[in-house]
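Participant: Take this structure, written in structure tokens, and hold onto it; I'll ask about it next.
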Amino acid sequence: MKLALITGGSKGLGAALVQWHLDQGWTVREYSRSGQGDVHVPCDFSAQDAGAAVLEGSFAELAQHPWDVLRLINNAGTLDPIGPLTDSEPSQWRAHLQINVAACVTATGLFLKHFSLSQAPQTVVNISSGAAVTPYHGWSLYCASKAALEAFTRCVALEQAAAPAPTTVVAIRPGVIETGMQAAIRAQDSAHFAQVEKFRKLSAEGLLQSPAEAAQRVCGLLARGVRSGEVYDVRDLG
Ligand SMILES: NC(=O)c1ccc[n+]([C@@H]2O[C@H](COP(=O)([O-])OP(=O)(O)OC[C@H]3O[C@@H](n4cnc5c(N)ncnc54)[C@H](OP(=O)(O)O)[C@@H]3O)[C@@H](O)[C@H]2O)c1
């Protein structure tokens with residue numbers, strides 16, 4: 001039995017990752033606010049303590065079962081608030097960092113803790129973005145949060161290398177995908193997001209991947225084998 005734990009699996013890339021794993025016979029749990037069905041676990045990562053409590057309870061219960069393979073995909077993410085930093089408020093900055101960074105730290109730490117006794121091969125996948133290394137006017141929080149995820153990935157991988165049964169920890173930049181996040185980007189005016197035309201053009205020229213295509217690329221990469229501590233960009237993989 002294989003278990004995939006996916007944050008933000010209600011829509012976009014996360015929903016496609018959920019579907020990919022279900023199609024391959026994995027047991028799946030997805031953690032979000034608006035998902036549905038048997039795999040859905042209601043969870044709001046902007047409420048830090050409540051989100052952590054949900055993950056703690058769910059992981060503790062699942063760790064009682066024997067698994068052959070374990071995978072955590074930290075996919076939940078937000079771009080909000082888009083725009084120059086001075087156009088938004090501290091409560092919005094805090095919520096952004098909780099969803100994009102603290103939830104990933106929390107899920108990873110609790111995953112390592114609760115499944116530490118399992119002999120199953122374990123992988124943590126942090127969904128990053130090219131924005132981790134490319135600055136965008138209007139995306140200061142998003143770029144910072146993705147850079148933080150990549151640094152976090154490298155450090156936890158180093159720590160795991162010394163563990164008796166190391167968990168593989170990688171970050172993957174999935175490329176540009178036609179999701180609600182991209183629709184929200186294209187709806188911005190250029191005062192809020194200076195590079196909006198670049199993203200409108202990508203869409204107009206049909207250059208966006210579907211969520212299913214992106215999920216296939218992410219999962220195909222994992223199936224071929226990854227090196228712990230690496231940051232992969234699916235656009236480099238052909
Ligand atoms: N789309 C792209 O072009 C692109 C490119 C590079 C990287 N990425 C990354 O890919 C990942 C998925 O993005 P996407 O494009 O699929 O975005 P999306 O369609 O907006 O989906 C975002 C997911 O995150 C969840 N989420 C957001 N806020 C949450 C909260 N407070 N608590 C719990 N879950 C929350 C959402 O669930 P609920 O709303 O149901 O809570 C949803 O399932 C993100 O990490 C993003 O940064 C996307």
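The values are calculated or read from the model by the stated rules, or taken from the named source; none is laboratory data. Keep in mind the model is a prediction, meaning the values are calculated, not measured. FYI the Cβ positions are ideal-geometry reconstructions off the backbone, even for glycines, and counts take in every protein chain you see. Heavy atoms of the whole protein, side chains included, go into the accessibility calculation; ligands, DNA and RNA do not. Shrake-Rupley method; radii C 1.70, N 1.55, O 1.52, S 1.80 Å.
Participant: Rounded if a/c is under 1.5, else prolate if a/b is larger than b/c, else oblate: which is the range 82-126, with a ≥ b ≥ c the root eigenvalues of its Cα gyration tensor? Working shown, then result.
Facilitator: Numbers: a/c = 8.48, a/b = 3.44, b/c = 2.47.
Prolate, since a/c reaches 1.5 and a/b exceeds b/c.
Participant: Does the range 56-139 classify as rounded, prolate or oblate by the C-alpha gyration tensor (a ≥ b ≥ c root eigenvalues; a/c under 1.5 gives rounded; else a/b over b/c gives prolate, otherwise oblate)?
Facilitator: Because a/c hits 1.5 or more and a/b exceeds b/c, the range 56-139 counts as prolate.
Participant: Still on this model: Packing-wise, with mean Cβ within 10 Å as the measure, how do 74-84, 184-194 rank, highest first?
Facilitator: 74-84, 184-194
Participant: Two decimals, Cα atoms only, Kirkwood Rh: what is Rg/Rh over the range 1-142?
Facilitator: Answer for the range 1-142: 1.00.
Participant: Post the alpha-carbon centroid distance, the range 27-80 to the range 106-176, in whole angstrom.
Facilitator: For the range 27-80 versus the range 106-176, the Cα centre distance is 16 Å.
Participant: To two decimal places, what compactness ratio does the range 4-83 give when its Cα radius of gyration is scaled by 2.2 N^0.38 Å?
Facilitator: 1.10
Participant: Among ALA52, PRO166, SER118, flag the residue with its Cα farthest along the positive direction of the charge dipole of the chain, charges on Cβ as +1 for Lys/Arg and -1 for Asp/Glu.
Facilitator: About the Cα centre, the residue reaching furthest to the positive side is PRO166.
Participant: I'd like the carbon and sulfur percentage of the solvent accessible area for the chain, probe radius 1.4 Å, heavy atoms only, ligands and nucleic acids excluded.
Facilitator: 54 percent
Participant: Okay, moving on. Dividing the Cα radius of gyration by the Kirkwood radius, what Rg/Rh value follows for the chain?
Facilitator: That ratio is 0.95, to two decimals.
Participant: In addition: At 1.4 Å probe size, with no ligands or nucleic acids counted, give the accessible surface of LYS201 in Å², nearest ten.
Facilitator: 120 Å²
Participant: Along each of its three principal axes, how wide is the spread of alpha-carbon positions in the range 149-209, in whole angstrom units, largest first?
Facilitator: Cα spread of the range 149-209 along its principal axes, largest to smallest: 50, 25, 16 Å.
Participant: Under a straight-distance cross-link criterion of Cα-Cα below 26 Å, which lysines are reachable from LYS201, leaving out those fewer than 8 residues away in the same chain?
Facilitator: By straight Cα distance, LYS201 reaches LYS11, LYS146.
Participant: Roughly how many Å² is the accessible area per residue of the range 87-196, as a whole number, for a 1.4 Å probe?
Facilitator: 43 Å²
Participant: Next question. Just to confirm a number: summing +1 for Lys and Arg and -1 for Asp and Glu over residues other than ALA132 whose beta-carbon lies under 13 angstrom from that of ALA132, what do you get?
Facilitator: On the way: positive: LYS146, ARG154, ARG173; negative: GLU150, ASP233.
Summing Lys/Arg as +1 and Asp/Glu as -1 gives +1.
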